[in-house]
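Working notes, structure below.
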Amino acid sequence: MKWKQQINGMKAYQPGKPIEEVKKEYGLDEVVKLASNENPYGFSPKIKAFLQNDHTNHAIYPDGYAQNLRTTVANHLGVKETQLMFGNGSDDLIAIVTRALLYPGVNTVMAHPSFSQYSHNAEIEGAEVRKVPLKDGVHDLNSMLEAIDDNTSVVWVCNPNNPTGTIVSDEELNHFIKNVPSDVLIVLDEAYYEYVHSSEFKNTLHYVNEYPNVIIMRTFSKAYGLASFRVGYAIAQEDTIAKLDPVRAPFNNTILSHKVAMIALTDQEFLQQCLEKNEAGKRQFVEFCEKHQLHYYPSETNFILFEVKADSDVVFKEMMKRGFIIRSGNALSSPGYIRVTIGTQEQNAKFLNLLEEVLKEQGVFA
Ligand SMILES: *Cc1c(COP(=O)(O)O)cnc(C)c1O
């Protein structure tokens, strides 16, 4: 068949191992997944209550325009309804932007390591991928500016960055946005936006009003605990959204996902509780790293990337045997490191005890 040349040899996204599979393989009763940055507290109890009494008719198509959710999100953010686009997760939004703007002959600029879907989608479209190494785990925006040329179509800023959890400051971002040519789309992927505490990070919504080439992506998958419902949204100027919207599949969310996302937004109290617990959990990891002198990146998210001074794949496997699924740094272009989602206080304590045992076994410390 006449396959696109670029998909030859391409691999599908490698998700973390499913919990059930790990239980079976290692004969474990309990397995905790700290690999995909899901919210360990799940979603709002208001959503749970709603789902128990829900009688949605799933035989009919959802509202492809997501009118009710659109109104809710627009009011929540203080933007116009026409400035929003909803995706089947922000993964979908990344694919839409890529499909609309990337093709053979143009290039796209991104940090490395960063979220893998930017390059994956770009490669499918046959565009040239320009990866600019992080500097101390942070986007090197000046080098990214230098990598942009007349053929650049999209530049990606993952802020905070996955897998390092670091942010670029508003000051740096401001300078960057000012200097990117106006015909290059700047994607600000803010999947972990809600988790950020640093005062150096400022709300980016005003950039959308000032610059037609800025698009922000956020999601209900992480802090709102709705990963399985697949809802992400993009914010840009009306004209930019109008250009992108025809590329979107007509019914890319479900009726139920629209409903639960709306409820999630109304329960800001639950969100705040999750964010506070996440901060406390992060401190458990930071203390562990400092105690054992393991390098870590300052995280503004619900995960942390830190050094293990051992083979990441070995640590990954040893932790899996002990009931914890994490991400090996090898899979994230960060050898010698592991990326761990911040769990509940209890999960974190148990995890760190077992990690200490594994690292002792590996001869990292006595
Ligand atoms: C998790 C994640 C996404 C994708 O989230 P969706 O579930 O598709 O909304 C996008 N960007 C980054 C950086 C992520 O970590």
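What to note about this one:
- Accessible area per residue in Å² at 1.4 Å probe, computed on the range 55-267: 40
- Within the accessible area of the chain (1.4 Å probe), percent carbon and sulfur: 50
- The value of relative contact order for the chain, using C-alpha pairs under 8 Å at least six residues apart, is 23 percent.
- Relative contact order computed over the range 55-267 (Cα-Cα under 8 Å; 6+ residues apart), in percent: 28
- Only alpha carbons enter this Debye calculation for the chain, each as an equal point scatterer, and the log10 of I(q)/I(0) it gives at q = 0.11, 0.13 Å⁻¹ is -0.80, -1.11.
- Two-site FRET efficiency, S198 against N57, from Cβ-Cβ distance with R₀ of 45 Å, rounded to 0.05: 0.50
- Per-residue HN-Hα couplings for the range 342-348 [Karplus 6.51, -1.76, 1.60; θ = phi - 60°; Hz; x = Gly/Pro]: 5, x, 6, 3, 5, 4, 4
- Computed from point charges on the beta carbon alone (+1 for Lys and Arg, -1 for Asp and Glu), the dipole magnitude for the chain about its Cα centre is near 880 Debye.
- Cβ-placed point charges (K, R +1; D, E -1), dipole of the range 1-124 about Cα centre in debye, nearest 20: 320
- Kirkwood Rh in Å, taken over all unlike Cα pairs in the range 55-267: 17.4
- The alpha carbon centroids of the range 63-81 and the range 104-171 are separated by 29 Å.
- Extreme residue, positive dipole direction of the chain, given options V22, V157, I7 (C-beta unit charges): V22
- Here the Karplus relation 6.51 cos²θ - 1.76 cosθ + 1.60, evaluated at θ = phi - 60°, turns the backbone of the range 228-240 into coupling constants of 6, 7, 6, 10, x, 9, 10, 10, 7, 5, 3, 5, 5 Hz, with x for every Gly and Pro.
- Taking every DSSP bridge with both residues inside the chain, close to 45 percent are antiparallel.
The values are calculated or read from the model by the stated rules, or taken from the named source; none is laboratory data. Everything numeric in this text was worked out from a predicted model, so none of it was measured. We place every Cβ from the backbone using ideal geometry, glycine too, and count neighbours over all the protein chains shown. Note: accessible area is taken over every heavy atom of the protein model, side chains too, but ligands, DNA and RNA are not part of it. Shrake-Rupley method; radii C 1.70, N 1.55, O 1.52, S 1.80 Å.
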